[in-house]
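Participant: Quick one: the structure is below, and I'll ask about it shortly.
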Amino acid sequence: MSHEATTAGGLQRPDLQTETPNYDDAFDAVVVGAGLAGTAAALTMARDGLDVLMLERGPAPGTKNVFGGVLYTPTIRELVDIDDAPLERYIAEKRFSILSSDGDETAISMRPGAWRDDPHNDSYTVLRRRFDEWFAKQAVDAGVTLVTETTVTGLLRDGGAVVGVTTDRPDGEIHAPVVVLAEGANSLVSEGADLKERPERDAVAVSVKEVFKLDRDTIDDRFRLDGDAGAAYQYFGEGAVGEAVGGGFVYTNKRSVSVGVVYRVEDAAAGQTPEATLDAFESHPAVAPLIRGGRRIEYSAHVVPEGGARAMPDLVHDGAVVVGDAAGLVLNSGVHLEGTNMAVESGYHAGKAIAAALADDRSDAEALAAYTRDLDQSFVVENLRHYDWFQRTIAADRQFLFEDLPRALASAETEYFKMDRTSKDEHTGAARDHLVAAAGGWFGAAKRAWRFRRMLS
Amino acid sequence: MNDGWNIVVCVKQVPDADDVTIDPDTGTLNRSDAPAVLNKPDHNAVESALALRDAVGGTVTAITMGPPPASAVLQAAVAAGADGGVLLTDRAFGGSDTWPTSLALARAAEELDADVVICGEESTDSSTGQVPPGIAAHNGWAQLTYTESLDPRPDEGVLVGTRDVEGGYERVAAALPVVVAMVFGANDPRPAGLHRKIFAETEFEPVQWTAADLDIEDRVGLANSPTKVGGMDTASPVERERTRVDSVEALYDHLAEVL
Ligand SMILES: Cc1cc2nc3c(=O)[nH]c(=O)nc-3n(C[C@H](O)[C@H](O)[C@H](O)COP(=O)(O)OP(=O)(O)OC[C@H]3O[C@@H](n4cnc5c(N)ncnc54)[C@H](O)[C@@H]3O)c2cc1C
Ligand SMILES: Cc1cc2nc3c(=O)[nH]c(=O)nc-3n(C[C@H](O)[C@H](O)[C@H](O)COP(=O)(O)OP(=O)(O)OC[C@H]3O[C@@H](n4cnc5c(N)ncnc54)[C@H](O)[C@@H]3O)c2cc1C
């Protein structure tokens with residue numbers, strides 16, 4: 001048993017490296033979470049010449065993601081070649097629909113011709129499992145080191161400053177000048193390290209989603225689509241989320257349809273279970289035919305931040321920044337449910353700010369503050385501020401918006417289009433009466449119109 | 001033997017079983033979409049190799065035969081703690097069944113001057129379990145199959161394995177060099193350390209050996225594979241006969257009648 005490395009026939013011997021190098025401060029930044037925000041930050045930093053380590057708890061980026069919706073790509077387009085991305089369908093139609101619990105539906109649908117043309121209003125359905133993996137690969141190609149199946153469990157501190165992370169692995173601590181917290185809505189690390197408070201109950205929503213497999217042709221026929229065109233349907237009212245405040249959605253992928261509901265945690269705590277809510281939504285006569293015959297291939301649940309600008313934590317700390325959903329950057333205004341574009345935009349600005357700070361050999365909060373400033377001036381914070389009032393307003397008007405209005409609309413429609421032997425004029429009058437009565441008389445209607453004017457402003 | 005043993009661990013890349021589907025129309029395995037991962041039983045092989053090194057000293061070298069992406073499983077082994085890795089890769093290996101596969105691994109083990117070669121019980125994609133005995137046969141080395149645990153006796157140059165046999169276990173002492181196949185689930189594979197994992201995935205590079213390097217270029221590949229696949233079929237589940245009974249008495253009567 002001789003162990004001298006024999007170089008028989010000149011065969012190259014394996015290089016045995018028993019010593020493990022130590023990577024403390026070998027990376028300029030550690031990114032926690034390889035979602036949209038984390039990858040955008042990592043990619044931006046790598047392009048600026050930084051060495052970045054991105055840690056992801058899933059076996060691959062995207063495997064833990066449950067989002068079932070529309071990816072908004074204006075910022076991603078600037079970072080990567082989106083034509084190579086695994087996109088499902090572009091959004092050719094948006095449809096907003098009010099459902100009563102009696103089976104009524106009133107909908108408005110829009111299909112602007114412009115959406116059919118490139119870049120399709122930067123709105124695409126994607127399967128995050130595929131998209132996130134692809135996006136992360138672009139970061140890896142730019143030089144980022146991605147390590148998966150590794151959960152960050154806490155932050156390392158020196159004095160007050162964050163100087164690294166701890167993970168669930170043996171020998172699991174690693175030091176780096178800056179840590180980017182991009183862990184998504186369930187931000188246990190940021191909360192555990194006091195970078196943000198546990199969100200108030202009214203600042204988060206629950207969501208449950210299912211994916212149904214259907215033939216491509218069936219989807220095209222049911223939703224009146226051609227080629228890569230897709231549809232995004234949003235639903236409100238008691239028929240969508242029962243007694244809760246929130247909404248439902250149906251989005252088309254290439255060969256599957258995502259169906260889900262999003263509503264306040266408060267309502268779930270009050271006893272309205274996600275399963276029952278989704279079940280009722282899927283059984284509504286306006287929704288059931290869309291998924292009929294589909295095979296259920298996925299069920300998932302998640303939280304969605306909806307606290308708006310007022311629930312945003314401090315974005316920069318000594319040695320750390322918070323991006324994406326972890327920072328509560330989601331717009332959930334009823335008409336809009338947007339988090340993907342904000343996640344990428346915030347990751348981009350954070351990445352730029354970190355590169356600039358490190359170029360000055362600094363990583364303190366003051367040096368990183370450019371991130372807060374840039375985000376503040378971007379559409380992200382602007383939109384969050386603009387719609388801040390919305391959640392509170394609809395919550396206050398739930399009874400009217402979710403119960404009375406959907407029924408009144410249905411009654412008004414029935415009345416207005418009624419086929420009998422009275423005059424159209426009388427039908428119109430009766431229809432108007434239904435609506436005015438539901439709105440609390442003319443005065444009530446005017447008051448409500450005023451309150452909701454900002455929705456379209 | 002104070003410088004320890006040369007331990008070689010064989011690791012195979014397989015499609016992630018969670019993602020493999022069988023096309024019911026053609027009966028073929030749909031592997032193309034499934035990401036390639038380390039064969040699950042090989043995690044037990046790696047753990048045994050590392051535990052053996054902990055006990056007797058020496059080094060652990062991981063080897064795999066496969067196309068270049070298979071070096072990912074060498075990374076996994078090095079991340080867990082293996083000292084180095086060898087990728088046996090060559091177009092000439094294409095289409096090899098268990099005979100040439102075990103020949104290539106056997107030659108590599110010989111080249112590495114192995115004292116112990118540790119394998120998994122079987123692969124999750126072909127699951128013949130023939131490769132470990134094949135390696136032993138090609139080299140004329142001892143073998144310990146269906147091994148549950150290892151007890152090294154370095155002073156005697158012997159490795160004692162506890163083998164799972166019907167109705168109990170047996171302990172077999174094998175003289176080195178020896179080929180071991182660990183039972184699937186025999187141990188709890190240690191998770192990779194963070195820094196080691198970063199090393200394995202960024203800096204570690206396996207050496208690559210070709211069939212010619214091992215002097216077996218004329219003895220591997222499809223032409224040298226005795227296995228011929230006659231055909232593929234999927235078995236549909238057989239509908240079981242069912243009877244519903246309402247009470248325990250009725251069930252008893254029913255059983256009494258059937259038996
Ligand atoms: C049902 C649903 C529907 C939605 N629909 C839309 C829509 O139509 N349009 C839209 O724009 N937005 C939508 N959103 C919001 C959107 O999904 C998020 O805003 C977006 O994914 C945020 O990206 P992120 O990178 O901040 O977080 P995430 O995408 O959640 O990524 C976080 C990543 O971090 C990882 N991670 C978490 N903790 C750790 C840890 N401790 N260690 C290591 N890794 C960790 C996770 O595994 C994950 O990969 C929806 C959300 C839900 C739940
Ligand atoms: C009927 C049949 C037909 C086949 N036809 C073909 C074909 O035409 N072309 C083709 O390419 N393959 C073919 N294969 C696959 C090929 O024979 C096997 O994958 C390969 O020989 C290893 O056998 P196994 O997976 O059954 O290993 P097993 O004997 O089940 O594996 C036991 C252990 O041996 C080790 N081991 C096995 N393979 C390797 C490896 N490659 N590198 C390192 N360690 C390893 C691992 O430790 C593993 O846990 C066929 C398999 C079968 C059953």
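For every residue, the table says whether it meets (1) open to solvent by 20 Å² or more (accessible area, probe 1.4 Å); (2) within 16 Å of ligand 2 (Cβ to nearest atom); (3) within 16 Å of A:Thr106 (Cα to Cα); (4) among the small types (Gly, Ala, Ser).
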position: A:Lys209; (1), (2), (3), (4): no, no, no, no
position: A:Phe223; (1), (2), (3), (4): no, no, no, no
position: A:Gln234; (1), (2), (3), (4): yes, no, yes, no
position: A:Ala240; (1), (2), (3), (4): no, no, yes, yes
position: A:Gly248; (1), (2), (3), (4): no, no, yes, yes
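Participant: Considering (1) more than 13 Å from ligand 1 (Cβ to nearest atom); (2) surrounded by 20 or more Cβ atoms within 10 Å (Cβ to Cβ), say which one A:Glu366 fails and leave the rest.
Facilitator: (2)
Participant: Considering only the stretch A:63-72, I want to know if a residue exists there that is away from every other protein chain (no Cβ under 12 Å), buried (at least 21 other Cβ atoms within 10 Å of the Cβ) and within 14 Å of A:Val144 (Cβ to Cβ).
Facilitator: no
Participant: A further question follows. Would you be able to tell me the number of residues in the stretch B:139-160 that are more than 17 Å from the chain's Cα centre (by Cα), surrounded by 18 or more Cβ atoms within 10 Å (Cβ to Cβ) and of a type outside the set (A, V, I, L, M, F, W, C)?
Facilitator: Total meeting the criteria: 3.
Participant: Go through the stretch B:86-102 and give me each residue that's away from chain A (no Cβ under 14 Å) and either surrounded by fewer than 22 Cβ atoms within 10 Å (Cβ to Cβ) or more than 15 Å from the chain's Cα centre (by Cα) (or both).
Facilitator: Residues satisfying the conditions are B:Arg91, B:Ala92, B:Phe93, B:Gly94, B:Gly95, B:Ser96, B:Asp97, B:Thr98, B:Trp99, B:Pro100.
Participant: Give me a count of the residues in the stretch B:54-77 that are in a helix (DSSP H, G or I), within 12 Å of another protein chain (Cβ to nearest Cβ) and near ligand 2 (Cβ under 10 Å from one of its atoms).
Facilitator: Adding up the residues that qualify gives 1.
Participant: Only one of (1) at pLDDT below 95; (2) away from chain B (no Cβ under 14 Å); (3) out of contact with any Pro (no Cβ under 7 Å at 6 or more places or on another chain) fails for A:Gln138. Which number is that?
Facilitator: Here A:Gln138 meets the rest and fails (1).
Residues are listed down the side, and each one gets a yes or a no for (1) open to solvent by less than 30 Å² (accessible area, probe 1.4 Å); (2) in contact with a Leu (Cβ under 6 Å, 6 or more places away or on another chain); (3) more than 16 Å from ligand 2 (Cβ to nearest atom):
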{"position": "A:Arg292", "(1), (2), (3)": "no, no, yes"}
{"position": "A:Arg295", "(1), (2), (3)": "no, no, yes"}
{"position": "A:Glu298", "(1), (2), (3)": "no, no, yes"}
{"position": "A:Leu315", "(1), (2), (3)": "yes, no, yes"}
{"position": "A:Val330", "(1), (2), (3)": "yes, no, yes"}
{"position": "A:Asp361", "(1), (2), (3)": "no, no, yes"}
{"position": "A:Arg373", "(1), (2), (3)": "no, no, yes"}
{"position": "A:Val381", "(1), (2), (3)": "yes, yes, yes"}
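Participant: Just the residues that are open to solvent by less than 50 Å² (accessible area, probe 1.4 Å) and free of Cβ contacts under 8 Å to residues at least 40 places away in the same chain, please, taken from the stretch B:118-137.
Facilitator: B:Gly134
Participant: Considering the stretch B:190-233 alone, what residues qualify as being surrounded by fewer than 19 Cβ atoms within 10 Å (Cβ to Cβ), within 13 Å of another protein chain (Cβ to nearest Cβ) and farther than 27 Å from A:Leu11 by Cα?
Facilitator: B:Arg190, B:Pro191
Participant: Restricting attention to the stretch A:317-326, and to residues there that are more than 8 Å from ligand 1 (Cβ to nearest atom) and not β-branched (Val, Ile, Thr), which single residue is surrounded by the most Cβ atoms within 10 Å (Cβ to Cβ)?
Facilitator: The extreme case among them is A:Ala320.
Yes or no, residue by residue, for (1) outside any loop (DSSP other than H, G, I, E, B); (2) out of contact with any Leu (no Cβ under 6 Å at 6 or more places or on another chain); (3) among the basic types (Lys, Arg):
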position	(1), (2), (3)
B:Asp188	no, yes, no
B:Glu201	yes, yes, no
B:Glu205	no, yes, no
B:Asp213	no, no, no
B:Lys228	no, yes, yes
B:Asp233	no, yes, no
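Participant: Right, something else. Please give the strands (runs of 3 or more DSSP E) falling wholly within the stretch A:97-173 in which 3 or more residues are buried (at least 18 other Cβ atoms within 10 Å of the Cβ).
Facilitator: A:123-125, A:145-147, A:152-158, A:161-167
Participant: In addition: Have a look at B:Asp155, B:Asp113, B:Asp83 and point out the one that is within 14 Å of another protein chain (Cβ to nearest Cβ), farther than 20 Å from B:Val46 by Cα and more than 10 Å from ligand 2 (Cβ to nearest atom).
Facilitator: Result of the check over B:Asp155, B:Asp113, B:Asp83: B:Asp155.
Participant: OK, next. Please find, among B:Arg163, B:Arg107, the residue that is outside any loop (DSSP other than H, G, I, E, B), within 14 Å of ligand 2 (Cβ to nearest atom) and basic (Lys, Arg).
Facilitator: Only one candidate passes the filter, namely B:Arg107.
The values are calculated or read from the model by the stated rules, or taken from the named source; none is laboratory data. Note that the coordinates shown come from a computational prediction; the quantities given were computed from them, not determined experimentally. Glycine also receives a Cβ, built like all others from the backbone with ideal geometry; neighbour counts cover every protein chain displayed. Side chains included, ligands, DNA and RNA excluded: accessible areas come from the protein's heavy atoms. Shrake-Rupley method; radii C 1.70, N 1.55, O 1.52, S 1.80 Å.
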